[in-house]
Ligand code: GCB
């Protein structure tokens, strides 16, 4: 029995984290952000590493930021005077000695509040992996999932004047997380996307979904309070101004219209304004239709072949953080390659990516990190995965560029996985019936066919295959394709090989640029003859950090990039692919 009066009780209490598991921030707490004014909390925050979880064990978060002369008992952390790091940012890159740090860290920041609005929320763009928010010494909420945004309402706890905000971020790799402890990218930690305060009126617009469905614009609105009122939807360029009655906090409308449809060649966006009571949100929205018909994919009724490339959110200097320039360069490289699609692997990328893709005309495959050997039988793991999926969908469902929700990557075809991922596919379809569902699947090794029980739940079968690299015999690809009758479109969601930029040699020699280029030429020559293959999305645009790769060619990087990690040096394969992608794809 732990005696609460014993000053050393915490040394013996291994249930110390139980009190900080709930409440949870999840997809239900997301708030539409379009056009809102926010108070940025980006910039310097104090940061303390906490490998042993002392902050929770000893409840150090409750210590007020008083000067040492006023301390009544000794302290182990001095988080309000700790060294400063920049938010957004990954702690791994803030100090050379923190590169490999996996554990918890405390971010501390003061802010002023004068009670300007009735409601105040904190928005965190992303924190990898678990984030616990404390305001003025009090625990408010936990969020799980390293790549999606979350909101915490501060209204009841914020003070007039100075406030003390602490966020504990923890990035341990664990078997029950999504992703689990084994994955092929770098485990960055920290508050690596923007942090904002969001002041709101008493009644505010929580959610806006707008889509092009059955020849009309459909609008769904959710309001924070279950009030009866009116919302006004305007799309000035289409001459639309429509009042929509709200009942129990929800409103729906179907508006007849003839917009110019969005496509990569004609990325037309319309300004949308929604007003309700004192609140107003805006968005720039494209209208388009994406469906599957037999083994074909149709965009606005026309067959489309997906010429894409996978990309990680990784940068030598920024890590998993990104910048407008970094995102624009990614898009420019994809366009230069001749792509009409980017696969944003293997987790939700920064939300600006989809806004830019909308604007420049690039299709997106977005996904959640249900990667490899997830703990499929664990209900808590499922809840975490489903929440990440619903947060991603809620965040990006007004982006015309997003055509595919990916529910997993290279997961062995077991019963537990089938149950887990078919539920995810259903959840995605319920949340958003206007897009296609896919997953990057594996080959059935028994029958040597493109065959996966999950395929029945998918619109497109993604296939990761590495013939020419992990499986050197390229003729097996031909055999696989001849053997298979998938009955729906198949997209090669990954393929390729490693090459160290500048390392040249015969096309038979591994890790040379020539070998990598040859793999892509051979792959395309074979795949182009197969009518049900409706896309080629090779692995990967840039070399990226991963601790799993340590040969003399890799040194901590996956070298399947068409461009080196400097994001400038193009390998031979880039040019070979650009040439192939420039040719019209018949069929
Ligand atoms: C895969 C994974 C991807 C890896 C890639 C590789 O199949 O989906 O995350 O990084 O292979 O390089 O082996």
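We did not get these values from a lab; they are worked out from the coordinates using the rules stated. As the structure is a computational prediction, the values presented were derived from the model and not from experiment. Cβ coordinates were reconstructed from backbone atoms using ideal geometry, including for glycine residues, and neighbour counts include every protein chain displayed.
If the convex hull of the alpha-carbon atoms of the stretch 346-414 is projected onto planes in all directions, what is the mean projected area in square nanometres?
4.7 nm²
Given the peptides 420-426, 548-554, arrange them by the average over their residues of other C-beta atoms within 10 Å, most packed first. Show your work: numbers first, answer last.
Working: 420-426: 20.4, 548-554: 13.0.
Most protected by this proxy first, the peptides run 420-426, 548-554.
Pairs of Cα atoms under 8 Å, at least six residues apart: use those to get the relative contact order of the chain, whole percent.
The normalised contact order for the chain reaches 11 percent.
Could you calculate, for the chain, the ratio of the Cα radius of gyration to the Kirkwood radius, expressed as Rg to Rh?
Reported Rg/Rh (Cα atoms, Kirkwood Rh): 0.98.
If R₀ is 30 angstrom, what is the calculated FRET efficiency for the pair residue 547 and residue 473, using the beta carbon separation as r and rounding to 0.05?
Numbers: r = 30 Å, r/R0 = 0.98.
Given R0 = 30 Å and the Cβ-Cβ separation, E is 0.50.
Hey, what's the Kirkwood Rh for the stretch 365-483 if you take every pair of different alpha carbons, in angstrom?
Taking the inverse mean of 1/r over all distinct Cα pairs, the stretch 365-483 comes out at 15.0 Å.
Can you tell me the convex hull volume per residue for the stretch 212-272, based on C-alpha atoms, in Å³ to the nearest whole number?
It is 87 Å³ per residue.
According to the square roots a ≥ b ≥ c of the eigenvalues of the Cα gyration tensor, what is the shape class of the stretch 494-560, taking rounded for a/c under 1.5, prolate for a/b larger than b/c otherwise, and oblate for the remainder?
Oblate, since a/c reaches 1.5 and b/c is not below a/b.
Provide the descending list of Cα extents for the stretch 9-200 along its principal axes, expressed in whole angstroms.
If we take the Cα atoms of the stretch 9-200, the spans are 46, 42, 32 Å.
Take every DSSP beta bridge with both residues inside the stretch 378-474 and express the antiparallel ones as a percent of the total, to the nearest 5.
Working: 1 of 10 bridges.
Around 10 percent antiparallel, to the nearest 5.
Order of 45, 80, 185, 71 from fewest to most other C-beta atoms within 10 Å?
Neighbour counts put them in this order, fewest first: 71, 80, 185, 45.
Could you state the angle between the C-alpha long axis of helix 513-527 and the longest principal axis of the C-alpha atoms of the chain, as a value from 0 to 90 degrees rounded to the nearest 10?
70 degrees
Roughly speaking, what is the stretch gain from residue 568 to residue 280, that is 0.36 nm per residue apart minus the C-alpha to C-alpha distance, in nm to one decimal?
Value of the extension gain: 99.5 nm.
Subtracting the Cα-Cα distance from 0.36 nm times the residue separation, let me have the gained length for residue 483 to residue 504 in nm, one decimal. Let's see the in-between values first.
On the way: separation 21, 0.36 × 21 = 7.56 nm, distance 3.56 nm.
Length difference between fully extended and current span is 4.0 nm.
Give the angle, between 0 and 90 degrees and rounded to the nearest 10, that separates the Cα long axis of helix 324-337 from the longest principal axis of the Cα atoms of the chain.
10 degrees
How would you order 304-315, 221-232 from highest to lowest mean count of nearby Cβ atoms within 10 Å? Walk me through the intermediate numbers first.
Values: 304-315: 23.8, 221-232: 15.7.
Ranked from most to least packed, the peptides come out as 304-315, 221-232.
Just the Cα atoms of the stretch 10-83, one point each, no solvent: what log10 I(q)/I(0) does Debye give at q = 0.28 Å⁻¹?
Log10 of I(q)/I(0), two decimals: -1.29.
What distance in nm separates the simple spin-label points at residue 243 and residue 332, each placed 7 Å from Cα in the Cβ direction?
Simple spin-label model gives 4.9 nm for this pair.
Listing 26, 566 from the residue with the fewest other Cβ atoms within 10 Å to the one with the most, what is the order?
Neighbour counts put them in this order, fewest first: 566, 26.
Quick one: of the DSSP bridges fully inside the chain, what percent are antiparallel, nearest 5?
Working: 89 of 123 bridges.
Antiparallel: roughly 70 percent of the beta bridges in the chain.
What order do you get for 563, 368 when you list them from fewest to most C-beta neighbours inside 10 Å?
Working: 563 22, 368 30.
Result, fewest neighbours first: 563, 368.
How would the stretch 186-316 be classified by its alpha-carbon gyration tensor: rounded, prolate or oblate, with rounded meaning a/c under 1.5 and the a/b versus b/c comparison settling the rest?
On the way: a/c = 2.31, a/b = 1.17, b/c = 1.96.
Oblate is the answer for the stretch 186-316, as a/c is 1.5 or above yet b/c matches or exceeds a/b.
Counting alpha carbon pairs within less than 8 Å and at least 6 residues apart, what relative contact order, in whole percent, applies to the stretch 400-504?
Relative contact order comes out at 25 percent.
What fraction of the DSSP beta bridges in the stretch 291-581 is antiparallel, stated in percent and rounded to the nearest 5?
20 percent
Taking the Cα-to-Cβ direction at residue 111 and at residue 528 and moving 7 Å from each Cα, how far apart do the two end points lie in nm?
For the pair residue 111/residue 528, the computed spacing is 5.4 nm.
If each of residue 160 and residue 83 carries a label point 7 Å out from its Cα toward its Cβ, how far apart are those two points in nm?
4.0 nm
Would you work out if the stretch 67-177 is rounded, prolate or oblate? Take a ≥ b ≥ c from the square roots of the eigenvalues of the alpha-carbon gyration tensor; rounded if a/c is under 1.5, else prolate when a/b is larger than b/c, oblate otherwise.
oblate
Direction-averaged shadow area of the convex hull around the Cα atoms of the stretch 291-581, nm²?
14.3 nm²
If r is the Cβ-Cβ distance from residue 100 to residue 174 and R0 is 22 Å, what FRET efficiency results, to the nearest 0.05?
In this case the efficiency is close to 0.85.
Pairing the Cα long axis of helix 572-582 with the longest principal axis of the chain, what angle in degrees results, from 0 to 90 and rounded to the nearest 10?
70 degrees
Between residue 260 and residue 323, take the C-beta separation as r, use R0 = 30 Å, and let me know the FRET efficiency to the nearest 0.05.
My answer for the efficiency is 0.45.
How many angstrom lie between the Cα centre of the stretch 395-471 and the Cα centre of the stretch 1-24?
Distance between centres, Cα-based: 42 Å.
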